[in-house]
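Notes for the one structure printed next.
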Amino acid sequence: MAVGIFDSGLGGLTVLDAAQARLPEVEFVYLADSAHAPYGVRTADDIFDLTCAAVQRLFDAGCDLVILACNTASAAALRRMQESWVPADKRVLGVFVPMIEALTERQWGDNSPPREVGVQHVALFATPATVASRAFQRELAFRAIGVDVEAQACGGVVDAIEDGDMILADALVRSHVDALRRKMPEPQAAILGCTHYPLMQEAFQEALGANVSVYSQAGLVGESLADYLERHPDKMGAGPGAFLTTGDPKTVSQRATQFLRRQITFEAA
Ligand code: DGL
């Protein structure tokens, strides 16, 4: 048994890396649904079906707890999965809530009524499906009042990262930041609402300017996973860990090794 981490592709490795650094004693099974990435341009039904199939594969690998290290799946499928699909002895958690709690200065599980927070103008960068779901605004409204969110759907960025074309990814990030600024000239905070985007964090920060706080999920999710496992030690895995992909293991291993700057070897899911 180990903890499962799922993403459509390589983006969730940013979460895995932070989780491994925070919890070195835990084994992780990472599953990249590379054959079907990107999810961000798919319909909600399609994302639900693909995510259930991938999470089932992680249950079959011995995981009782699966983290959807994918905002698109968390936004478009998680609630429906929890309501109608996840078996009673398993848990599936998303990556949205830890980030919103950080933005709204809340502790885990603080369910008090929404209140005013330090930021009023927030830019959200995410995939088209995440933006269309409005899940971020919904979760934020449960916790904060008076926050103006401008969402920018960042078409093409995930494809460019999955293809290893970082020059294109960089150019697209800059043009999406320009587009956002035309709608919201002075954001105070920017949310990188896709787990692929921490790989482009420098480009986002440069294009936004030093006075914009950029929130990226990896570290926040690592912390809240540690907190969750402390309260639910029965969900802590004892191995073996693995890297699984529905795509070509050789290509995916090469890209993953390049991104994390350490040897990563994927096998066929
Ligand atoms: N990295 C994922 C996310 O956080 C998925 C992106 C995609 O497949 O489009 O949204």
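The values are calculated or read from the model by the stated rules, or taken from the named source; none is laboratory data. In this text, all values refer to a predicted model and were calculated from it rather than measured experimentally. Cβ placement follows ideal geometry from the backbone for every residue including glycine, while neighbour counts extend to all protein chains displayed. Surface accessibility is based on the protein's heavy atoms, side chains included, excluding ligands, DNA and RNA. Shrake-Rupley method; radii C 1.70, N 1.55, O 1.52, S 1.80 Å.
Couple of notes before you dig in:
- Verdict on LEU172 being out of contact with any helix residue (DSSP H, G or I) (no Cβ under 8 Å at 6 or more places or on another chain), surrounded by 20 or more Cβ atoms within 10 Å (Cβ to Cβ) and of a type outside the set (Phe, Trp, Tyr): no
- Any hit, the range 225-242, residues being at pLDDT 95 or above and either farther than 19 Å from HIS196 by Cα or in contact with a strand residue (DSSP E or B) (Cβ under 7 Å, 6 or more places away or on another chain) (or both): yes
- Selection from the range 73-90 of residues that are more than 30 Å from VAL157 (Cα to Cα) and either touching a residue at least 60 places away in the same chain (Cβ under 8 Å) or of a type outside the set (D, E, K, R) (or both): SER84, TRP85, VAL86, PRO87, ALA88
- The residue pairs whose first member lies in the range 53-72 and is at positive phi, whose second member is open to solvent by less than 10 Å² (accessible area, probe 1.4 Å), and whose beta carbons are closer than 8 Å, counting only pairs six or more residues apart or on different chains, are GLY62/ALA2; GLY62/VAL29; GLY62/GLY237.
- Whether a residue is within 16 Å of the ligand (Cβ to nearest atom), open to solvent by less than 10 Å² (accessible area, probe 1.4 Å) and either assigned to a helix (DSSP H, G or I) or under 26 Å from LEU260 (Cβ atoms) (or both) was assessed, and ALA160 passes this test.
- GLN217 being under 21 Å from VAL119 (Cα atoms), open to solvent by less than 10 Å² (accessible area, probe 1.4 Å) and within 17 Å of the chain's Cα centre (by Cα): yes
- In the range 242-256, the residues that are in contact (Cβ under 8 Å) with a residue 60 or more places away in the chain reach residues that are surrounded by fewer than 19 Cβ atoms within 10 Å (Cβ to Cβ) and β-branched (Val, Ile, Thr) with C-beta atoms within less than 7 angstrom, at least six apart or across chains, in these pairs: PHE243/THR265.
- Failed criterion for GLU105 (all others in (1) within 16 Å of the ligand (Cβ to nearest atom); (2) open to solvent by 20 Å² or more (accessible area, probe 1.4 Å) hold): (1)
- Top-ranked residue in the range 14-54 [being in a helix (DSSP H, G or I), in contact with a Leu (Cβ under 8 Å, 6 or more places away or on another chain) and more than 17 Å from ASP248 (Cα to Cα); ranked as nearest to the ligand (Cβ to nearest atom)]: THR14
Table: residues versus (1) surrounded by fewer than 24 Cβ atoms within 10 Å (Cβ to Cβ); (2) modelled with pLDDT of 95 or more.
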| residue | (1), (2) |
| --- | --- |
| MET1 | yes, no |
| THR14 | no, no |
| ASP49 | yes, yes |
| ALA61 | yes, no |
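- Residues of the range 63-85 satisfying the condition of being out of contact with any helix residue (DSSP H, G or I) (no Cβ under 7 Å at 6 or more places or on another chain), assigned to a helix (DSSP H, G or I) and open to solvent by less than 40 Å² (accessible area, probe 1.4 Å): LEU78
- Scanning the range 63-96 for residues that are under 13 Å from LEU31 (Cα atoms) and of a type outside the set (A, V, I, L, M) yields a total of 2.
- Count - residues of the range 182-205 that are touching a residue at least 24 places away in the same chain (Cβ under 8 Å) and open to solvent by 60 Å² or more (accessible area, probe 1.4 Å): 3
- Of the residues making up the range 92-101, not a single one is part of a loop (DSSP other than H, G, I, E, B), open to solvent by 30 Å² or more (accessible area, probe 1.4 Å) and within 16 Å of the ligand (Cβ to nearest atom).
- Qualifying residue in the range 137-145 (condition: touching a residue at least 60 places away in the same chain (Cβ under 8 Å) and aromatic (Phe, Trp, Tyr)): no
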